[in-house]
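This report refers to the structure that appears directly beneath it.
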Amino acid sequence: MEKVHIYIDGPNLLGAVSDLRKKRLWIDPILLSGYLVDTTHQSLNRVFYAETPYPQNLHSPETFRSQQSFFGKIYSHIQDQRLVHIRGNYRVNTMTVPSFIVSQLKPEIRTLIESISWKKPTEKGGDVGLAVQLVRDAFQGEFDRAILVTADQDFAPAVNIVVSEAKKKMSVAYVHNSYRNAVALRNRCSETEFIQITRKMIEQCVLE
């Protein structure tokens, strides 16, 4: 049997699902993983899921509670070690109106606009942690095949290292829609197999 690890870029997956369904949905990563392996010759060994908890004071209460509910629902997967949760952290940036816009304003309102600022939380490290885990596991012989769930072309270097340097088999699974279709990633990873995540798969994996 071919031993398989699955690596899920949570924000990329959920963004693609939300684009497809036109609303925010959470997906059970273990159920989805079950659709990505062929049990006639593959065995699913472990799933790695990258998703960073939202800062409570920087998102709406509804958004924060929604994600917390999701983590609560997948907690049993983490406890029985079928799922490894990889998390980054949020950095809060202070944003201002760009200077090229301010410079075009009338002097009487320029000072007012220059004084405007707001906080923007930016997630850092989750995707990097997932890529590092993928490459590390490849070189340590933890799997025969890795399935990466993302359409983000930033993962292309890690995918190519796994295939060309670690000599492991790679598949990339993605949700196809008009906004996210993994074209850039497919173009940069010619030796990698690609799997399209269908609407039917998604419907079977939505967490209520």
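Bear in mind these aren't lab numbers, they're just calculated from the coordinates by the rules spelled out. Note that the structure is predicted; figures quoted are calculated from it, not measured. Please note: Cβ atoms are built from the backbone with ideal geometry, for glycine as well, and neighbour counts cover all protein chains shown.
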Exercise. Tell me, what ³J(HN,Hα) does each residue in the stretch 46-55 have, in order and in whole Hz, if you take phi through Karplus 6.51 cos²θ - 1.76 cosθ + 1.60 with θ = phi - 60° and put x for Gly and Pro?
Worked result: 7, 10, 10, 10, 9, 7, 9, x, 5, x
Exercise. Once phi is turned into θ = phi - 60°, what whole-Hz ³J(HN,Hα) does the Karplus curve with 6.51, -1.76 and 1.60 give for every residue of the stretch 192-208, x standing for Gly and Pro?
Worked result: 9, 7, 10, 10, 8, 7, 8, 4, 4, 4, 4, 4, 6, 10, 5, 8, 6
Exercise. If R0 is 35 Å, what FRET efficiency do you get for Lys22 and Asn45 from their C-beta distance, rounded to 0.05?
Worked result: 0.50
Exercise. How big is the charge dipole of the chain about its Cα centre, in debye rounded to the nearest 20, if each Lys and Arg gets +1 on its Cβ and each Asp and Glu gets -1 on its Cβ?
Worked result: 400 debye
For this session: Pick out, from Trp26, Met95, Thr63, the residue whose Cα sits farthest towards the positive end of the charge dipole of the chain, with +1 on the Cβ of Lys and Arg and -1 on the Cβ of Asp and Glu.
Result: Met95
For this session: Compare the peptides 100-111, 21-32 by average per-residue count of other Cβ atoms within 10 angstrom and give them in order, highest first.
Result: 21-32, 100-111
For this session: Let me have the 222 nm mean residue ellipticity of the chain computed from DSSP H runs of 4+ only, each contributing -39500 (n - 2.57), with the sum over all residues rounded to the nearest 500.
Result: -12000 deg cm²/dmol
